[in-house]
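Student: Got a structure for you, written out below as structure tokens; questions coming shortly.
The values are calculated or read from the model by the stated rules, or taken from the named source; none is laboratory data. No experiment lies behind these values; they were computed from the predicted model shown. Cβ placement follows ideal geometry from the backbone for every residue including glycine, while neighbour counts extend to all protein chains displayed. Surface accessibility is based on the protein's heavy atoms, side chains included, excluding ligands, DNA and RNA. Shrake-Rupley method; radii C 1.70, N 1.55, O 1.52, S 1.80 Å.
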Amino acid sequence: ADLILLSSSYEDAICYVETMNLDGETNLKLKQALEETSKFQEDSTFRNFKAIIKCEDPNAYLYSFIGNIELEDQLYPLSPQQLLLRDSKLRNTDFIYGVVIFTGHDTKVMQNSTDPPSKRSKVEKRMDKIIYFLFSVLFFISFIGSIFFGIATSEDLENGVMKRWYLRPDDTTIYYNPKKAPIAAMLHFLTALMLYSYLIPISLYVSIEIVKVLQSIFVNHDVHMYYEETDQPARARTSNLNEELGQVDTILSDKTGTLTCNSMEFVKCSIAGIAYGRGATEVERALARRKDLDGNVAEISEAKSSIKGFNFMDERIMNGNWVKEPHANVIQNFMRLLAVCHTAIPEVDEETGNVSYEAESPDEAAFVIAAKQLGFEFYERTQTTISLREFNSITGRTIRRSYKLLNILEFSSARKRMSVIVRDEEGKLLLISKGADRFVNLLITYSSWHDKT
């Protein structure tokens, strides 16, 4: 069913859902209930709960929802932020309370569903046509033969003369009785179907299946299809699609890395007009190989970092050396921005203590990982605070700082940037933005002002 979120285990009535079954994205989506219903966090609180929800009719639009809820004679608007769709999974949330609005075929997922396509191969479809043709021939032969048999049987006994005397038509069974020739013809038709059934090669399907199984064995042992990075050979999970290999007709792809690796790495950055980073991109490595530059290829490949999403090498700002740079305060704000302006969720391994991040996109995860490696580790998030382990330029030690999260302005195609408003421990209000301009370069804005109210 589709639900309207009322409250959750968090104080701010938020929850995290995974929509991989809907849009294929593995990142977590943030949903938040209305403030007026967030207080209902136990079963007993719903004892006197009364509300009326008025919303749109069932439709197939996954990213839009129009409705309102009437609670205590007050109307509150509902948006997709409160809508939990069928086939999405609840993550990192203990429990939620919700109201069912659409069920069964009225849910948005079922409204978008279509009949599953046939996965039968061309060989099987061709075999079916051949079998249908042979059965038609068998039926035609049996039908024509039964007609002539009926005519001959009806004329077996005329005026006491027996044409087929060896069948004794004057004293015979129903199969050759001239007085009941139509019934004899029908029985002859069934007999002919059984006798001529060898015209249809039933063993053909078995032979084809044996060939497919042998083909799948050859595919599994194909050295050219072995993937060294993950140490996995090819696996033919179904044998009825082997003959379809190599018969690609149409490829439909979008620009989100469907046919690419879709991995983002933090390689270079420009801070206060100074370029940092000696890491090499895949394009640079491929160009070096094409030009066959001796020595450069080995140097570029060795500079590859073992940390996923981080391929940044520059001793000027790594290991706390950024405090010696002429624009140290700008570099500090840059790293602080990478660690604060995001919607990533930290996950701490209880055994090792390592922090991993669940981000909405690979590039956002790369920014957070880069901030961690440069000395600004994001390790905890609540609904109102973001906690970091920052490198203090004065003491030279790592300290813990928390920023009070006031608002998140999400990325949109109109704004082309994401912004957060936070308050630091000194009471300053910080407006932090990151986004892309029309040249697809990273824009970073870091503004601060004192709260005078």
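Student: With the checklist (1) within 27 Å of the chain's Cα centre (by Cα); (2) open to solvent by 50 Å² or more (accessible area, probe 1.4 Å) in hand, flag the one item Lys50 doesn't pass.
Tutor: Condition not satisfied by Lys50: (1).
Student: Could you list, in sequence order, the residues of the stretch 89-133 that are of a type in the set (A, V, I, L, M, F, W, C), touching a Ser or Thr at 6+ places or on another chain (Cβ under 6 Å) and part of a strand (DSSP E or B)?
Tutor: Scanning the stretch 89-133 gives a single hit, Ile96.
Student: Considering the stretch 413-424 alone, what residues qualify as being within 26 Å of the chain's Cα centre (by Cα) and exposed (fewer than 15 other Cβ atoms within 10 Å of the Cβ)?
Tutor: Matches in the stretch 413-424: Ser413, Ala414, Lys416.
Student: Among the listed residues Asp222, Asp156, Asp231, Asp171, identify the single one that is of a type outside the set (Phe, Trp, Tyr) and within 30 Å of Asp23 (Cα to Cα). Let's see the steps before the verdict.
Tutor: Values: Asp222 fails: within 30 Å of Asp23 (Cα to Cα); Asp156 fails: within 30 Å of Asp23 (Cα to Cα); Asp171 fails: within 30 Å of Asp23 (Cα to Cα).
Going through Asp222, Asp156, Asp231, Asp171 in turn, just one is of a type outside the set (Phe, Trp, Tyr) and within 30 Å of Asp23 (Cα to Cα): Asp231.
Student: Now for a different question. How about the stretch 94-138: which of its residues are of a type in the set (Lys, Arg) and open to solvent by 100 Å² or more (accessible area, probe 1.4 Å)?
Tutor: Lys119, Arg120, Lys122, Arg126, Lys129
Student: Within the stretch 288-309, restricting attention to residues that are in a helix (DSSP H, G or I) and among the acidic types (Asp, Glu), which residue is modelled with the lowest pLDDT?
Tutor: Glu302
Student: Here is a further query. Looking at the stretch 163-182 only, could you name the residues that are open to solvent by less than 40 Å² (accessible area, probe 1.4 Å), in a loop (DSSP other than H, G, I, E, B) and touching a Leu at 6+ places or on another chain (Cβ under 7 Å)?
Tutor: From the stretch 163-182, those open to solvent by less than 40 Å² (accessible area, probe 1.4 Å) are 169, 177-178, 181; that's our starting set.
Add one more test, that the residue is in a loop (DSSP other than H, G, I, E, B), and what stays is 169, 177.
Of everything in the stretch 163-182, just one residue is open to solvent by less than 40 Å² (accessible area, probe 1.4 Å), in a loop (DSSP other than H, G, I, E, B) and touching a Leu at 6+ places or on another chain (Cβ under 7 Å), namely Pro169.
Student: Sticking with this structure for a sec: Just the residues that are open to solvent by 80 Å² or more (accessible area, probe 1.4 Å) and either touching a His at 6+ places or on another chain (Cβ under 7 Å) or assigned to a helix (DSSP H, G or I) (or both), please, taken from the stretch 190-216.
Tutor: Result: Leu190, Met194, Leu195, Tyr196, Tyr198, Tyr205, Val206, Ile210, Leu214.
Student: Would you pick out the residues in the stretch 330-370 that are buried (at least 17 other Cβ atoms within 10 Å of the Cβ), of a type in the set (Gly, Ala, Ser) and within 25 Å of the chain's Cα centre (by Cα)?
Tutor: Once the filter is applied, which keeps residues that are buried (at least 17 other Cβ atoms within 10 Å of the Cβ), of a type in the set (Gly, Ala, Ser) and within 25 Å of the chain's Cα centre (by Cα), the stretch 330-370 yields Ala344, Ala359, Ser361, Ala365, Ala366.
Student: Got a number for residues in the stretch 316-341 being outside any helix (DSSP H, G or I) and touching a residue at least 60 places away in the same chain (Cβ under 8 Å)?
Tutor: Result for the stretch 316-341: 1.
Student: Ser239: outside any helix (DSSP H, G or I), of a type in the set (Gly, Ala, Ser) and surrounded by 11 or more Cβ atoms within 10 Å (Cβ to Cβ), yes or no?
Tutor: Yes; evaluated as a whole, the condition is true for this residue.
Student: Out of the residues in the stretch 394-412 meeting the condition of being under 24 Å from Ile317 (Cα atoms) and surrounded by fewer than 16 Cβ atoms within 10 Å (Cβ to Cβ), tell me which one is nearest to the chain's Cα centre (by Cα). Spell out the reasoning first.
Tutor: We begin by selecting, within the stretch 394-412, every residue under 24 Å from Ile317 (Cα atoms); these are 394-403.
From what is left, the residues that are surrounded by fewer than 16 Cβ atoms within 10 Å (Cβ to Cβ) are 394-400.
On the way: Ile394: 46, Thr395: 46, Gly396: 44, Arg397: 42, Thr398: 39, Ile399: 39, Arg400: 37 Å.
Only one residue tops the list, namely Arg400.
Student: Here is a follow-up. Kindly indicate which of Glu350, Glu360, Glu426, Glu377 is part of a loop (DSSP other than H, G, I, E, B) and either touching a residue at least 40 places away in the same chain (Cβ under 8 Å) or closer than 26 Å to Ser263 by Cβ (or both).
Tutor: Glu360
Student: Mind checking whether some residue in the stretch 144-154 is of a type in the set (S, T, N, Q), outside any loop (DSSP other than H, G, I, E, B), at pLDDT below 90 and farther than 30 Å from Thr45 by Cα?
Tutor: Scanning the stretch 144-154 turns up at least one residue that is of a type in the set (S, T, N, Q), outside any loop (DSSP other than H, G, I, E, B), at pLDDT below 90 and farther than 30 Å from Thr45 by Cα.
Student: Can you give me the number of residues within the stretch 244-287 that are surrounded by 15 or more Cβ atoms within 10 Å (Cβ to Cβ) and modelled with pLDDT under 75?
Tutor: So the answer is 3.
Student: Is it true that some residue in the stretch 73-80 is of a type outside the set (D, E, K, R) and closer than 30 Å to Pro362 by Cβ?
Tutor: Yes, there is a match, as at least one residue in the stretch 73-80 is of a type outside the set (D, E, K, R) and closer than 30 Å to Pro362 by Cβ.
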